[in-house]
Every structure is written in C-alpha cells, then in structure tokens.
Amino acid sequence: MTSPSAYHILVVDDEPDILELLEYHLQKEGYKVSKCSNGREAISLARQEKPHLIVLDVMMPDLDGIETCRELRSMKEMDDVLIAFLTARGEDYSHEAGLDAGADDYILKPIKPRVFLSRIKALLRRSRISAPTEESVLDFGDLLINKERYTITYNNKEIELPKKEFELLFLLASKPGKVFRRDEILRSVWGDDVVVGDRTIDVHVRKIREKLDDKFIRTIKGVGYKFEF
C-alpha cells in the first residue's frame, strides 16, 4: 500500500478554522498539505505544485468552487488531479452541477475528521484503479482511444474528455457489444468505497455523447450501457 506521505493534497476554503482543522488531520495522517483561501490562489497553486487531490469548498467569494473546478478542468495538466467538493447540507448546490464541472466526489460539512479521512483514502485509492483491459489503444477507424496518453481522436480531431468520462468510455469500448450493468460501471470507474447514484453515470454518458455524436453508446433500459461500433 502506498504511504500517505507520497500524496500531496491542496485544501481550499475561505474559513480559516476549517483550513486549520483539515490541515491538522491530513498532516497527522502523513499527507503533504498545501492550503489557500480562494479559487484564484487555488488555480495558481495547483499549476505550481500539481497536487494529487484538491479539496475545494463550493461557497467562496469572487470565484466559487464550481467555477474554480471548471477552470482547473480546462487545463490539460490537471487531467489526473482528483477534485472533491466541500459543501454544507443546506447550500444551493447539486451533485449534477459538481459532476458537470468535473468533480470526482463531494464531502459534506460539518466536517467529521474520521469520515473525512476515510473519504480522502477512498478517493486516492480510486486514482490507482487499473485499466479494464490490458490493451492501451483501442482503434475503431475514425475513433481512436489511447489509454496511455488519455487522448481521444475522432474524425482526425483530438477531443478532450475529463478523466472519469474517459475511463467510462474506455471501459465500454474495451468490450464492444457487451452490456455493462450500472453496478459494474460504478465499481470499475468510481470504485467500491464511493457512494454515487445512477444519475452519475447518466450525466457522464450524456457528456460523452455530446462530444462524440450519439452513435457509440447505447442505453439498455433497466440494465446499463454498451458500446457499439
């Protein structure tokens, strides 16, 4: 198992008490920690340090967590960086909005240290999920999916997909014609330790279809999805 000291986590929150609390517990666990109090500083720090995980508060002045996440996800060098939102139960925030912005998970406030550390460990384990097939390049003529480089080429144009969209597409395309059940997709792409709903898969499939035309992924009602070529 990889030691916590191998991981660098950036914590972003405009409340000093929360920053200190999270920094204390993460450092106590052995993680390397950076912190800042606003979205713009977070983007600058992330570029400089490229952490493995960014814990990002949703409600911040000037540039909120959703917009910060969108900007980070627009940068190619941030493709492999995990992002988890911090959000209070009563905040005007939806899981779908977070997924659309490119988040990998969200953690509820008020913070319970043991639960928080458990979610952090689960997130970092997800970053080490192996590819669903030993093949690293899937060639379908006009569509080329390269797992080693995390790139998609479609009709001679390179298309960028966020990490989870790419992993979902690669999983389905690794076995054309096979119907992947929803629980199988969730386990392979998101892992066993993270609780996400069926809507999570639907959002990602919709985003993939928008970028690749609605002809590769077929919905099997009541079961899941399959890749057709």
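Quick grid of which residues meet (1) within 20 Å of A97 (Cα to Cα); (2) of a type in the set (K, R); (3) touching a Phe, Trp or Tyr at 6+ places or on another chain (Cβ under 6 Å):
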residue: E41; (1), (2), (3): no, no, no
residue: L45; (1), (2), (3): no, no, no
residue: V58; (1), (2), (3): yes, no, yes
residue: D62; (1), (2), (3): yes, no, no
residue: T68; (1), (2), (3): yes, no, no
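Whether any residue in the stretch 128-147 is out of contact with any Lys or Arg (no Cβ under 9 Å at 6 or more places or on another chain), at pLDDT below 90 and under 19 Å from K32 (Cβ atoms) is what I want to check.
Yes, the conditions are met somewhere in the stretch 128-147.
Which of the numbered conditions does T153 fail, given that it passes all the others? Conditions: (1) within 30 Å of S5 (Cα to Cα); (2) polar (S, T, N, Q); (3) modelled with pLDDT of 90 or more; (4) surrounded by 14 or more Cβ atoms within 10 Å (Cβ to Cβ).
(1)
Every residue, every condition in (1) outside any helix (DSSP H, G or I); (2) at pLDDT 85 or above, yes or no:
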residue: K175; (1), (2): yes, yes
residue: E184; (1), (2): no, yes
residue: S188; (1), (2): no, yes
residue: D192; (1), (2): yes, no
residue: I201; (1), (2): no, yes
residue: K211; (1), (2): no, yes
residue: D214; (1), (2): yes, no
residue: T219; (1), (2): yes, yes
residue: F229; (1), (2): yes, no
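For the stretch 53-68, which residues satisfy the criterion of being surrounded by fewer than 24 Cβ atoms within 10 Å (Cβ to Cβ), among the charged types (D, E, K, R) and under 21 Å from D79 (Cα atoms)?
Going residue by residue through the stretch 53-68, those that are surrounded by fewer than 24 Cβ atoms within 10 Å (Cβ to Cβ) are 53, 58-64, 66-67.
With among the charged types (D, E, K, R) added as a condition, the list becomes 62, 64, 67.
Correct list: D64, E67.
Condition check ((1) touching an Asp or Glu at 6+ places or on another chain (Cβ under 7 Å); (2) over 28 Å from R206 (Cα atoms)) across all residues:
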position: K28; (1), (2): no, yes
position: K32; (1), (2): no, yes
position: K35; (1), (2): yes, yes
position: E41; (1), (2): no, yes
position: V55; (1), (2): no, no
position: R70; (1), (2): no, no
position: L99; (1), (2): no, no
position: K109; (1), (2): no, yes
position: F116; (1), (2): no, yes
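If F85 satisfies all but one of (1) over 15 Å from the mean Cα position of the chain (by Cα); (2) part of a strand (DSSP E or B), what's the number of the condition it fails?
Condition not satisfied by F85: (1).
Would you mind finding the one in E67, E91, E23, E41 that is acidic (D, E) and modelled with pLDDT under 90? Reasoning before the result, please.
On the way: E67 fails: modelled with pLDDT under 90; E23 fails: modelled with pLDDT under 90; E41 fails: modelled with pLDDT under 90.
The unique qualifying residue is E91.
Show the residue pairs that are 6+ apart or on different chains and have beta-carbon atoms under 8 Å apart, the first residue being within the stretch 45-58 and outside the structural domain of K121 (by TED's automatic domain parsing), the second being modelled with pLDDT of 95 or more.
Listed by first residue and then by second, the contacts come to nothing, as the list is empty.
Could you please give the count of residues in the stretch 1-40 that are without any contact (Cβ under 8 Å) to a residue 12 or more places away in the chain and not small (G, A, S)? Walk me through it before giving the result.
Of the residues in the stretch 1-40, the ones without any contact (Cβ under 8 Å) to a residue 12 or more places away in the chain are 1, 6, 17, 20, 24, 27-28.
Narrowing the set further to residues that are not small (G, A, S) leaves 1, 17, 20, 24, 27-28.
Residues flagged as without any contact (Cβ under 8 Å) to a residue 12 or more places away in the chain and not small (G, A, S) within the stretch 1-40 amount to 6.
The values are calculated or read from the model by the stated rules, or taken from the named source; none is laboratory data. Everything numeric here is computed off the predicted structure, so don't read it as measured data. Here Cβ is always computed from backbone atoms with ideal geometry, including for glycine, and neighbour counts include all displayed protein chains.
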